[in-house]
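Peer 1: Structure incoming, see below.
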Amino acid sequence: MFDQAAKALGAAGGPENLATLRKLENAGEGSLLANFSEWFSLSDGAEVGLRQSVHEGLAVIGDASDRKLLWDRATAGAVGRGGDNTAGLLRTNALHYLGRTARPGERANFAKVLAAQTKFKSSFAPDEVYFVLADKCQDDVACYTAAFKDPAATLQDPAFASVLSGIEEAKKASFMSTATSNVRAAGIWQLAIRLGANEAAISALLDNLNIDNMEARSEIAATLLFVDKFPADAKTKIEASIAADTTKDNAQGLKETRHGYRLIAATRF
């Protein structure tokens, strides 16, 4: 419920919702996090889970000061319990949201985050592709569309050569799997969130609602909830996608994605 509420604040935007998200993130005076102190006592990861939801909302709104906050969390964020393990999780989660909404020119910030880590650097390393993709594509809708439709091909671009070189052979398969997922997600998030005011960007997602890759389809369903304005034919495309899916076997993730599309249709049109 907390996760859905935080996402709703991010989707709605506006000064009041942004102020609430900031009070939920800030652990200092006036923090709303104090209301969840009993929850934090349940497990080492409880606080990380709440902060992760808030960080998503802040990344979606994209205020410059909040991006700075997220960079600070990605560099040296910590929570009350769990030591290095939960701190590492908090930091990588913040980095994922920064990466999926990356601005061109932020790759140097990633280098600073990586240099600051004393443990778990290997879990941070594949996230560099987020920032390489932003530099490569800039505001090019077609570039981001190609990234989520065929991330493996995108990673073959010379722009990624410096990221992919020098990976230990034993870690290469795991690295490439994560990097591929990151490029796929980044292409979708960039179109829906950072370029969301561009009708062509949203149309690129609407034209791929039934993409074969279920991970991509799930990301599309999740990010379309944050879109401010849809093209005129959006409702028709979403309803057609739902109807088409009902004739298929219930592949893993299909049911959840269909519910996501239904939620968009019910709440936005």
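The values are calculated or read from the model by the stated rules, or taken from the named source; none is laboratory data. Model, not experiment: these values are computed from the prediction. Neighbour counts run over all protein chains shown; Cβ positions are idealised from the backbone, glycine included.
Peer 1: Under the condition of being at pLDDT 95 or above and surrounded by 15 or more Cβ atoms within 10 Å (Cβ to Cβ), which residue from region 70-82 is nearest to Ser37 (Cα to Cα)?
Peer 2: Arg73
Peer 1: Sticking with this structure for a sec: Give the residues of region 147-193 that are crowded, with 18+ Cβ neighbours inside 10 Å and of a type in the set (A, V, I, L, M), sorted by residue number.
Peer 2: Those that are crowded, with 18+ Cβ neighbours inside 10 Å and of a type in the set (A, V, I, L, M): Ala147, Leu155, Val163, Ala179, Val183, Ala185, Ala186, Ile188, Leu191, Ala192, Ile193.
Peer 1: What pairs come out if I take residues in region 229-245 that are touching a residue at least 24 places away in the same chain (Cβ under 8 Å) and among the hydrophobic types (A, V, I, L, M, F, W, C) and pair them with residues that are surrounded by 12 or more Cβ atoms within 10 Å (Cβ to Cβ) and part of a loop (DSSP other than H, G, I, E, B) whose C-beta lies under 8 Å away, six or more apart or interchain?
Peer 2: From region 229-245, the pairs are Ile238/Leu209; Ala244/Asn210.
Peer 1: Under the condition of being closer than 26 Å to Ala197 by Cα and small (Gly, Ala, Ser), which residue from region 113-169 is farthest from the chain's Cα centre (by Cα)?
Peer 2: Here the residue is Ala142.
Peer 1: Could you go through region 23-36 and let me know if any residue there is in contact with an Asp or Glu (Cβ under 6 Å, 6 or more places away or on another chain) and modelled with pLDDT under 95.
Peer 2: Among the residues of region 23-36, not one is in contact with an Asp or Glu (Cβ under 6 Å, 6 or more places away or on another chain) and modelled with pLDDT under 95, which makes the answer no.
Peer 1: Sticking with this one: With the condition being touching a residue at least 40 places away in the same chain (Cβ under 8 Å) and not small (Gly, Ala, Ser), I'd like the helices (runs of 4 or more DSSP H) fully within region 1-79 carrying at least 3 qualifying residues.
Peer 2: Per the criteria, 2-12, 15-25, 46-61, 64-76.
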